[in-house]
Amino acid sequence: MELNARVPAGPLAEKWDNHRFANKLVNPANRRKYRAIVVGTGLAGASAAATLAEQGYQVQVFCIQDSPRRAHSIAAQGGINAAKSYQNDGDSVFRLFYDTIKGGDFRAREANVYRLAQVSNEIIDQCVAQGVPFAREYGGTLANRSFGGAQVSRTFYARGQTGQQLLLGAYGALSRQIKAGRVAMFTRREMMDVVLVDGRARGITSRNIITGEMESHVADVVILATGGYGNVYFLSTNAMASNVTAAWRAYRCGAGFANPSFVQIHPTCIPVHGDYQSKLTLMSESLRNDGRVWVPKNQGDLRKPADIPEAERDYYLENKYPSFGNLVPRDVASRNAKEQCDLGKGVGSTGLAVYLDFADAISRDGRETIFKKYGNLFQMYEKITDSNPMVEPMMIYPAVHYTMGGLWVDYDLMTTIPGLFAIGECNFSDHGANRLGASALMQGLADGYFIIATAVANYLGTNKLEQINEHAAPFLDSRRGCEDRIARLLKNSGGGPAGKCTVDEIHKELGRLMWDNCGMARNATDLQAALEELPKIGKKFWDHVYIPGNTREINQSLERAGRVADFLEFAEIMIRDALTREESCGCHLREESQTEEGEAKRDDANYSHVSVWEHGGDGAPKLHKEPLSFEFVTPSQRSYK
Amino acid sequence: MSSSINLTLKIWRQPHSDALGSLETYTLDHISTDMSFLEMLDVLNEKLTKEGKDPVAFDHDCREGICGMCGAIVDGVAHGPEKEVTLCQLHMRHFKSGDTLVIEPFRSRAFPIKKDLLIDRSALDRIIQSGGYVSVNTGGTPDGNSIPIPAKQAELAMDAAACIGCGACVASCPNGAAMLFTSAKISQLALLPQGQVEGKERALAMVAQMDSEGFGNCTNARECEAVCPKGISIRNIARLNREYLTAVLSEG
Ligand SMILES: Cc1cc2nc3c(=O)[nH]c(=O)nc-3n(C[C@H](O)[C@H](O)[C@H](O)COP(=O)(O)OP(=O)(O)OC[C@H]3O[C@@H](n4cnc5c(N)ncnc54)[C@H](O)[C@@H]3O)c2cc1C
Ligand code: FES
């Protein structure tokens, strides 16, 4: 597998311009002859589809939900970053670039991250023009806040519903193109396979979720915008349908998968409360601006929080990190919560929670001020837990939230399969080993609105593609392969459920294995053990899973089974990736690689690279490396003491 | 404190669009009051699966009240008895042991039932397609701060923009009207300078689409507002009517 990032030459600030100038274009009159498939209608997919259609391409768009407006992006709360520097507080394109690359612990490609910062400002302009109701100052200008510990206020937001409003903006643009007849929208479709013709991506096979039919769709380029794979852990903050299937099918067709073990675990989520639990709810990280994190000093202290005197509380983040305190980055906050709970100082019915306490903020600023700031979040918390954070401290625990890993892409966001592009959370490109708050929305829209069309034009302008249709052998083979796989999934279901297991039971088992061994802190022994355990769960799944119903109807158990089957395969490269990266960086803490003070220790001499996994057929997956060189910044060790 | 309750469920079962449906009765014991309504349905579905029966099909995705995918009529009320929540945000602590719950899909002429509680709401997408946006292409837009918008105006627009498109308003309306849904989008854009240019065309096109999808008329029953999980106000309907009338009059 060749990993040529195709980073354009020239100074950092000129690369994107140089690239756009050097790239081939497609004449406007010719664009309608080309077809693009976009899979996914989150921020990345919806913005890409609308933009390509506006430029004149014929676009076919696919999503799992009943409407493109419901993609997982809708749930993003906090905001979107841009380097506008409207607050005049020292921000700049270079600072946003630097913060993002440093936040990612120097495991991302400089040129891509710089371009992200460069186009960030245009995103805000675009969204304002669409009528996205961003928060405003009294004078009518756009409001900003500082987010996720950033030292400048560069985050734009629409109440606690930024993702919703940005997505509805992109959905509006997409809807306009559907009306104009340039986008054909296929809802309730699940992509099952990429179809390659002569080594190039020329279409997909999808399953119609309502009728169960397998369908072929032919195109000149295929763009995956299918989101992240956090649900490999069963419990995460992701929507229920979030999956790895599309990316995994691409991997199986030859696309490299980069840094699969880089998973962000968010520190402020509502703790797990029962084994029936289906998902975890994020509480905005802004809460850490005023809340103080603590646990009882003594193990197994079961008193109510109000009965524990100050002297017997451990404000462990403030004590350990005097300069950042409760505002340390996500990975540091998460790991420390786990550490306290592992020491037996966790609180709540499961012992897997820490307090986030607003009592001091309330006595300092008054009830009204605090309620005004966080009332919405407090009410959401109360709805779920039946407890009021104005009266007693919140309980929080880390949860899987975002996946930095994803399909490997070059500067043009093309995977190792020609004609197959990956955008948004499903690629690996910009966040290195850790993502900063409010940067995922920025990346999704940067990819979709401002980058992908240039890349697609260049690809189409430099390659001559044969005319083909869905009767071509590769499409038939792919359809047949997908049908066979479904038949295999259903093969145990004939004799009834007795002695078998359900899809969710297996998914939970996989989730526990991954959380315990490939979660917040990792070590070789546990990773090895997980690698041995994984095939047993896989075998149990294929030999014993019981799926009711059949294939030619709405069958939600079958849909879930297909996704779990892919998670089971995918988990292997996650574990292998964590095992081979014998350093700590960003989200990835290898217990063997820590400083004397117990902080993550990066090893630039040996691991300054992107790990890219190639499907090995029946053999083991193969590891390739894209070296990372830093020409414009000097990697430093993070320190939050 | 969490406790556990026993329930009787009467759920609408309908194998596909063309089949006749009926209410089936199930009993479910030891339901933790900390569960969400959808988690309760998950437990039921695991039980049905293990008994060799067909689980209940229902739509859901985010499970935190924002995607608008979930929804059912519980004891006659869209999204159940609690105010301003979606079905996925409703928790079982709002029910008592021994309760019988009747669970049905959102019903409307414009929302065909696909299976059990799962319906087709694509008519709502088509209303948006008819004009629920500002017609700008990507690129070349002016600086975000070039049009100042009073904070209050932006907040009002945001109130309307909070609609999640779940369809509860339609299902609760005695006439099956989609006025609250349509008016929310028209209001958002009417309240912002960006939406002014196409205001008239938008109102005419969206109302026409609404009618052609088979949604009914608004007779001010206010049921929509009462069940809206996002608290969208019927003042938006008044604004739609104003926009529409102005458009009709000026188009002459
Ligand atoms: C609770 C929460 C809060 C967040 N808050 C923030 C925030 O404040 N700021 C920020 O920057 N980021 C935030 N994030 C992260 C951010 O929301 C996501 O990373 C981002 O929205 C991903 O967008 P996307 O377009 O790549 O994919 P998604 O929005 O996940 O969309 C994926 C699309 O692909 C489709 N799809 C997937 N698989 C298939 C398949 N096999 N076949 C067909 N279609 C398929 C889906 O139907 C969907 O349309 C948050 C995330 C969560 C979970
Ligand atoms: S599942 Fe998203 S709103 Fe209920």
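Annotations
- Angle of helix B:199-212 to the longest C-alpha principal axis of chain B, folded into 0 to 90 degrees and rounded to 10: 40°.
- Span-like helix check, chain A: qualifying full DSSP H segments, with Cα axial length of 20 Å or more and mean Kyte-Doolittle of 0.0 or more, are A:162-179, A:556-580.
- Note on B:157-165: average number of Cβ atoms from other chains within 10 Å of each residue's Cβ is 6.
- Surface exposure of chain B, expressed per residue as accessible area with a 1.4 Å probe, stands at 39 Å².
- The residue among A:G348, A:L282, A:T369 whose Cα reaches farthest toward the positive pole of the charge dipole of region A:265-401, with charges on the beta-carbon of Lys, Arg, Asp and Glu, is A:L282.
- What you get for chain A, charging only the Cβ of Lys and Arg (+1) and of Asp and Glu (-1), is a dipole of about 1620 debye around the Cα centre.
- Rolled with a 1.4 Å probe across the full set of protein chains, the surface gives A:V38 an accessible area near 0 Å².
- About the Cα centre, charge dipole magnitude for region A:265-401 (Lys/Arg +1, Asp/Glu -1 at Cβ), debye: 240
- Using a 1.4 angstrom probe on protein heavy atoms only, the contact between B and A buries about 6100 square angstrom of accessible area, both sides summed.
- Nearest 10 degrees, 0 to 90: helix B:151-161 Cα axis against chain B principal axis: 50
- Value of [θ]222 nm, deg cm²/dmol, for the protein assembly as shown, DSSP H segments ≥ 4, -39500 (n - 2.57) each, nearest 500: -11000 deg cm²/dmol
- For A:W542, the accessible surface of its heavy atoms amounts to roughly 50 Å² (probe 1.4 Å, protein chains only, rounded to the nearest 10).
- Inter-chain Cβ neighbour count for A:120-130, averaged per residue, equals 6 (cutoff 10 Å, partner chain atoms only).
- Shielding score for A:449-458, defined as the mean number of other chain Cβ atoms within 10 Å: 1
- When only alpha carbons are used to place a centre, region B:25-46 and region A:312-332 end up 39 Å from one another.
- Tensor-based shape of the protein assembly as shown (alpha-carbon gyration tensor, a/c under 1.5 rounded, otherwise prolate or oblate): rounded
- Judged by the ratio a/c of the largest to the smallest principal axis of the C-alpha gyration tensor, region A:265-401 counts as rounded, that ratio being less than 1.5.
- Between A:G619, A:C63, B:A57, the Cα set farthest toward the positive side of the dipole of the protein assembly as shown (charges on each charged residue's Cβ, about the Cα centre) is that of A:C63.
- Placing unit charges on each Cβ (+1 for Lys and Arg, -1 for Asp and Glu) gives region A:178-245 a dipole about its Cα centre, and among A:S206, A:G181, A:F234 the Cα reaching farthest toward its positive end belongs to A:G181.
- Cα centre as origin, Lys/Arg/Asp/Glu Cβ charges: region B:122-251 dipole, Debye: 220
- Pairs from B:K10/B:K96; A:K383/B:K83; A:K464/A:K625 whose Cα-Cα separation, in the structure shown, is over 20 Å: A:K464/A:K625
- What separates the Cα centres of region B:221-252 and region B:68-108 is a distance of 26 Å.
- Centre separation in Å (Cα based) which lies between region A:55-108 and region A:224-258: 19
- Relative contact order for region A:147-219, counting Cα pairs under 8 Å that sit 6 or more residues apart, in percent: 16
- Sorting B:L48, B:L23 by accessible area puts them as B:L23, B:L48; the probe is 1.4 Å, largest comes first, and only protein heavy atoms count.
- Heavy-atom surface analysis with a 1.4 Å probe gives region A:1-138 a carbon and sulfur content of 48 percent of its accessible area.
- Residues B:R63, B:R126, ordered by accessible area of protein heavy atoms at a 1.4 angstrom probe radius and largest first, appear as B:R126, B:R63.
- Order of exposure, largest accessible area first, which applies to A:K622, A:K540 with probe 1.4 Å: A:K622, A:K540
- For chain B, the longest principal axis of the Cα atoms and the long axis of helix B:235-251 meet at an angle of about 40 degrees.
- When a 1.4 Å probe is rolled over the protein heavy atoms, the share of accessible surface on region A:265-401 that falls to carbon and sulfur comes to 52 percent.
The values are calculated or read from the model by the stated rules, or taken from the named source; none is laboratory data. Keep in mind it's a predicted model, so treat the numbers as computed, not measured. Note that we place each Cβ from the backbone using ideal geometry, even for glycine, and neighbour counts take in every protein chain shown. With ligands, DNA and RNA removed, areas are computed over all heavy atoms of the protein, side chains included. Shrake-Rupley method; radii C 1.70, N 1.55, O 1.52, S 1.80 Å.
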